[in-house]
Structures are given as C-alpha cells and as structure tokens.
Amino acid sequence: MIGIVILAAGASARMGEPKQELLYKGETLLQHAVNAALATNCQPVIVVLGANTNLYMPEEASKSVATVHNPDWQEGMSSSIRCGLSALLTAAPHTEGVILMVCDQPFVKASLLNSLIHTKESSGKGIVACQYKDTLGTPVLFSKDYFDELLYLRGKEGAKKLLFRHNEDVADMPFALGAIDIDTPEDYALLRRTESKG
C-alpha cells in the first residue's frame with residue numbers, strides 16, 4: 001500500500017499569486033495534481049496546505065483526499081514533508097511507502113505515478129526518483145525504510161539529500177517534462193502558450 005503526499009503549502013512568492021490556483025487545461029494546478037493522484041491505486045492521498053489554506057478543490061475531490069494545514073510552512077519543504085507524512089501514517093499506519101509530489105509540475109500524470117511503483121517493484125530499490133535536466137527530483141517514491149529520515153528533515157531543503165545519501169538504493173525514471181515547473185509569471189506564460197498550440 002502506497003500513499004501520496006501533495007506538497008502545496010508554499011506562498012508562491014516569485015509568482016506573486018497562489019500558483020496552486022493557476023488554470024491549465026480547464027483546471028487549477030492543484031486540481032490537476034489531486035486528480036492525477038486519485039487516478040492511481042494509491043491511498044490515502046494527503047494534500048498539505050500552508051500559506052493559502054482556502055484553495056478551491058471540487059467537492060468530489062475534496063471528499064477523496066485529506067487536507068492538512070502545515071503551520072510551519074515558512075520553514076520550507078521539509079516541514080511540509082513531515083506534516084504530510086505524519087498525516088499519512090495516522091490515516092494508514094501500515095503504509096509501505098509514500099510518493100511525494102508537488103502541484104506545480106503540470107505534466108505529471110497518473111501513469112507516471114504508477115510507473116514509480118512498478119519501477120520500485122522491478123528494481124527492488126527503496127527509492128525511485130524522476131530524472132530530468134541532469135538531476136533527480138519529484139515525484140519521488142520512498143519506501144517505509146526511509147520514513148524516519150523523512151520525519152527528521154529540517155530547513156528549506158526537501159528530501160533530495162536522501163537521494164544522495166542513499167544513492168545505492170535509488171532507481172531513476174526518465175521524466176523529461178518534469179523539468180517544467182511553474183515558479184514565475186514567465187513560466188506560466190510559456191505554459192499557456194504551449195497550451196494554445198494544442
């Protein structure tokens with residue numbers, strides 16, 4: 001049993017408005033992330049909010065996910081990982097693993113998330129990370145062997161340090177479009193231009 005934690009607690013400082021609510025293909029970036037997660041066999045799905053706690057989600061989606069507020073969101077990504085994983089383990093104590101994903105990668109699909117699980121099973125590795133732009137990053141799957149380390153993370157850095165610390169136990173999965181994340185108005189403008197081209 002694998003759960004999913006969607007990290008959506010940031011203040012979108014560089015964007016100037018909550019990027020979780022930016023529209024792409026008829027839904028917000030947060031809705032897209034939630035829908036991708038719900039289309040997998042993973043459960044539970046936890047959404048971590050922080051700076052913007054009143055983000056809109058369709059009623060059906062809101063019934064199917066658990067939303068938690070991270071009061072320490074200003075600390076950075078690590079606090080949201082701790083918050084989300086703690087909520088996941090409360091809801092499903094026997095979870096075998098967790099997929100960490102963010103809401104500003106618009107090309108993440110359910111098929112990609114399912115592939116993380118298949119890669120874990122076929123490789124026997126405890127961590128499966130997406131590979132793009134000569135780096136490894138989200139979405140990333142951690143087996144339960146790494147829960148204690150995830151809960152010990154501190155500061156603005158996320159879980160990437162674990163990928164380096166345990167590189168012998170990491171399988172990578174190509175995801176070229178993972179390099180596209182929406183941090184600035186320019187990023188969003190480029191995304192909308194690609195949308196208009198179909």
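Where a number appears in this text, it was derived from the coordinates with a stated rule and is not lab data. The structure displayed is predicted, hence computed values, not measured ones. As a convention, Cβ positions derive from the backbone with ideal geometry for all residues, glycine included, and neighbour counts pool all protein chains shown.
The number of Lys pairs in the chain with C-alpha atoms less than 21 Å apart, excluding pairs fewer than 8 positions apart on the same chain, is 18. Annotation: the antiparallel percentage among DSSP beta bridges lying fully within segment 104-198 is about 55.
Where does the Debye-calculated log10 I(q)/I(0) of the chain sit at q = 0.08, 0.10, 0.11, 0.15 Å⁻¹, using only Cα point scatterers of equal weight, no solvent? Once normalised to I(0) and log-transformed, intensities are -0.23, -0.37, -0.45, -0.88. Panel note: the C-alpha atoms of segment 118-162, placed on their principal axes, show extents of 32, 27, 12 Å (largest first). Ranking Ala110, Phe142, Val47 by how far each Cα lies toward the positive end of the dipole of the chain (charges on Cβ) leaves Ala110 at the top.
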